[in-house]
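Computed from the coordinates by the stated procedures, all read-outs in this text should not be read as laboratory data. Only a predicted model underlies this, so the values are computations on that prediction, with no experimental measurement involved. Note: ideal-geometry Cβ built from the backbone for every residue, glycine included; neighbour counts use all protein chains shown.
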């Protein structure tokens with residue numbers, strides 16, 4: 001990954017190349033940790049349900065609570081990033097991540113699990129937006145999509161760890177031990193932010209007077225009035241939530257209840273799905289640079305995703321291997337998030353970039369909350385109290401998601417296609 005170093009060994013970020021590499025590594029690790037926490041319920045869902053006696057709607061609320069608070073935090077997060085800088089935002093939120101992992105590990109029922117997930121949602125609320133703002137400030141527009149793609153691709157390591165490795169550790173040592181270890185990693189990340197996230201791009205914008213709070217909140221209105229904001233918001237609302245619906249909640253139960261898969265087999269399928277997302281993220285991000293246009297790629301990804309959802313609904317229940325392949329491919333087709341991020345970034349002027357990207361991310365997280373919460377209610381209604389959920393319950397949940405994505409894609413077609421800025 002090139003950072004276009006200046007003569008004398010300095011990068012556009014105003015740091016030496018080793019310092020830039022260190023900073024990018026810390027920022028990517030933060031997003032990876034966020035991905036682990038947000039997706040960590042999927043492979044242990046059946047274990048939590050059995051051990052703590054959770055119904056489908058309770059399980060859906062546990063998983064989705066992370067995304068609800070994460071989404072709500074995006075308003076203050078955007079203000080903090082633009083007013084005080086992304087480094088301050090990262091330092092403050094990382095303390096909540098440590099606390100959340102500890103609370104979740106000690107939970108004895110739904111209330112404790114939700115409390116831990118809420119703290120984790122607050123803690124992770126800056127772990128994607130703050131790095132993107134640093135990249136937007138420090139590097140040329142021509143490499144922003146690649147940096148965003150790298151950030152997302154590397155962060156998928158967290159998603160991978162939330163599949164087969166978490167399933168293995170749960171089987172060997174218990175899910176509580178896994179989250180105690182995650183708390184330790186969160187504490188080490190805090191140290192990394194203190195030592196490794198440096199430079200002018202991590203603080204307030206140079207030469208810019210500090211906004212008053214009324215001015216900061218006024219920037220929210222400017223974000224919402226930006227042409228193309230709402231189509232991008234809705235597309236972000238539906239895209240990641242499709243991936244998270246499988247890997248973060250219903251993928252494991254679907255494989256267990258419909259195909260009789262054990263914890264190891266569930267983890268393996270979701271592991272492949274996570275790997276496919278990594279490959280897809282890199283592929284979609286690279287294609288973004290090659291084509292010079294956002295909408296054709298995003299629409300293509302959405303249509304492929306809709307086709308796979310239709311296939312899972314229609315024939316996924318017939319054969320376990322076929323279902324696993326379809327779910328894995330879904331990881332690839334849903335991975336065009338870097339295109340949406342780059343499209344969103346192109347809409348906003350520098351003074352509201354933090355708030356703009358945070359609001360788009362608010363769409364991503366709120367969409368996942370709504371999707372997981374509503375499908376939890378739908379699965380419970382269709383299951384009717386049965387210990388083994390019928391295939392119809394999952395088909396209804398997946399069809400609900402397909403309708404959401406189809407509507408979002410139609411709205412997204414109306415979004416403007418900004419011209420690319422030069423390097």
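Here are some notes:
- Proxy reagent accessibility, fewest Cβ within 10 Å first, across 37, 237, 154: 154, 237, 37
- Compactness index (Cα Rg / 2.2 N^0.38 Å), segment 18-157: 1.13
- Relative contact order for segment 17-412: 28 percent, from Cα pairs under 8 Å spaced at least 6 residues apart, divided by residue count.
- Protection proxy ranking of 122-134, 184-196 - average other beta-carbon atoms within 10 Å, highest first: 122-134, 184-196
- Across segment 314-423, the relative contact order, built from alpha-carbon pairs under 8 Å that are at least six residues apart, equals 20 percent.
- Counting all C-alpha pairs of segment 41-108, share separated by more than 17 Å (%): 55 percent
- Max mean-square fluctuation residue, GNM over the chain, Cα-Cα springs under 10 Å, options 176, 17, 225: 225
- Helix 353-383 vs. the chain, principal-axis angle (Cα, 0 to 90°, nearest 10): 0 degrees
- Cα shape, segment 357-414, gyration tensor, a/c 1.5 rule: oblate
- The packing ranking, built from the mean of other Cβ atoms within 10 Å per residue, places the peptides 330-342, 72-84, 155-167 in the order 330-342, 155-167, 72-84, highest first.
- As a size descriptor, the averaged projected area of the C-alpha convex hull of the chain was calculated at 18.6 nm².
- Global geometry of segment 297-382, whether rounded, prolate or oblate, following the gyration tensor of its Cα atoms and the 1.5 cut on a/c: oblate
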